[in-house]
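Where a number appears in this text, it was derived from the coordinates with a stated rule and is not lab data. Remember, it's a predicted structure, so these values are computed and weren't measured experimentally. Glycine gets a Cβ as well: all are built from the backbone with ideal geometry, and neighbour counts include every protein chain shown.
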């Protein structure tokens with residue numbers, strides 16, 4: 001049974017697609033240029049500590065302001 | 001109440017937390033895929049929740065004490081504990097979101113643990129809104145004490161019980177092991193337990209400072 005031109009074209013496209021899928025297999029490691037993911041993601045831990053300290057610092061400043069008000073009234 | 005004016009436990013708390021900056025960042029941890037070094041967040045993210053829990057428990061204790069005695073100081077202690085707890089709450093949420101971004105892929109992935117933590121956060125925000133909506137002192141103290149006593153178990157269920165019963169990415173949920181088994185075979189508890197204890201007492205210390213400030217404010221208002 002002869003294939004029509006349309007069918008041939010579809011087959012070609014399908015094969016091309018399957019090849020491109022096969023070729024696009026990612027390598028073993030997809031290392032991205034992402035600073036926080038480098039060095040075993042240790043910078044995530046550093047940033048976590050920074051968040052905690054920043055939170056505490058903001059909290060301290062707010063308490064400082066409150067105490068100042070209290071002192072001024074005396 | 002003499003305990004809150006003593007210094008020794010504050011020094012111990014500071015030393016405990018200080019030690020975890022060294023032990024937590026230098027000690028050996030298990031090599032796990034995806035998590036990598038972020039497992040060290042265990043010493044900083046989890047203690048935030050422990051600190052929050054400590055002050056919320058103290059807050060409930062003082063709410064009950066208030067209802068039994070009607071002393072204004074107990075109400076002040078309860079509200080300042082909640083204020084401090086909420087700051088630790090926010091720090092726990094933010095550090096958790098950052099950790100989630102680099103292990104789960106998104107800051108907020110609608111995970112059961114994250115969603116119920118957000119709901120419980122609103123629950124406690126409602127406590128503060130409720131307080132501020134009432135002018136009459138005794139009524140405010142009484143209603144908010146009752147609200148606080150009921151909000152606490154709901155918060156516990158939302159954060160610590162419900163996410164564990166459904167599928168969640170968070171360790172300790174949905175048959176997914178917590179880090180418990182790792183700290184037993186590695187020296188991780190050497191840094192983890194001091195962090196938990198230290199941060200709890202730091203939270204308590206901040207709450208007592210705020211309590212003392214508010215007590216002065218209250219006494220001054222009473223004189224005026």
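Of B:132, B:41, B:115, the residue with the greatest mean-square motion in the GNM of chain B, using alpha carbon springs below 10 Å, is B:132.
Output the relative contact order of region B:2-223, whole-number percent, from Cα pairs under 8 angstrom with separation of 6+ residues.
On the way: 248 pairs, mean separation 81.1, N = 222.
Relative contact order comes out at 37 percent.
Normalising by residue count, the protein assembly as shown has a Cα convex hull of 217 Å³ per residue.
Computed from Cα atoms, the angle from the helix B:137-156 axis to the main principal axis of chain B rounds to 20 degrees.
Inter-chain neighbour count for B:204-212: the average number of beta-carbon atoms from partner chains within 10 Å of each residue's beta-carbon is 1. Can you give me the angle between helix B:189-223 and the longest principal axis of chain B, using Cα atoms only, in degrees from 0 to 90, rounded to the nearest 10? So the helix axis and the longest Cα principal axis differ by about 20 degrees.
The mean count of C-beta atoms from other chains within 10 Å of the C-beta of residues in B:38-45, rounded to a whole number, is 5.
Maximal additional length on extending the residue B:108-residue B:128 stretch stands at 4.7 nm, based on 0.36 nm per residue less the C-alpha distance.
By how many nm would the segment from residue B:11 to residue B:150 lengthen if fully extended, with 0.36 nm per residue of separation less the alpha-carbon distance? Don't jump to the answer; show the numbers that get you there.
Values: separation 139, 0.36 × 139 = 50.04 nm, distance 3.38 nm.
That works out to 46.7 nm of additional length.
For labels at residue B:69 and residue A:38 in the simple 7 Å Cα→Cβ model, what's the distance in nm? Modelled inter-label distance: 5.8 nm. Compute the Rg/Rh shape ratio of region B:1-128: radius of gyration over Kirkwood radius, all on alpha-carbon atoms. Rg divided by Rh gives 1.05. Helices in the protein assembly as shown, meaning DSSP H runs of at least 4 residues, each add -39500 (n - 2.57). Divided by all residues, the mean residue ellipticity at 222 nm is -25500 deg cm²/dmol.
Report Rg/Rh for region B:2-223, rounded to two decimals, where Rg is the Cα radius of gyration and Rh the Kirkwood radius.
Details: Rg = 18.9 Å, Rh = 18.7 Å.
We get a ratio of 1.01 for region B:2-223.
Here each label is just a point 7 Å from Cα along the line to Cβ, and for residue A:57 and residue B:190 those points are 3.1 nm apart.
If we count other beta carbons within 10 Å of each Cβ, what is the order of B:210, B:40, fewest first? Walk me through the numbers before you get to the answer.
Details: B:210 21, B:40 26.
Lowest to highest Cβ neighbour count: B:210, B:40.
FRET efficiency for the residue B:119 to residue B:216 pair, using the beta carbon distance and R₀ = 30 Å, is estimated at 0.30.
Taken residue by residue and averaged, Cβ atoms of other chains lying within 10 Å of the Cβ of B:97-104 number 3.
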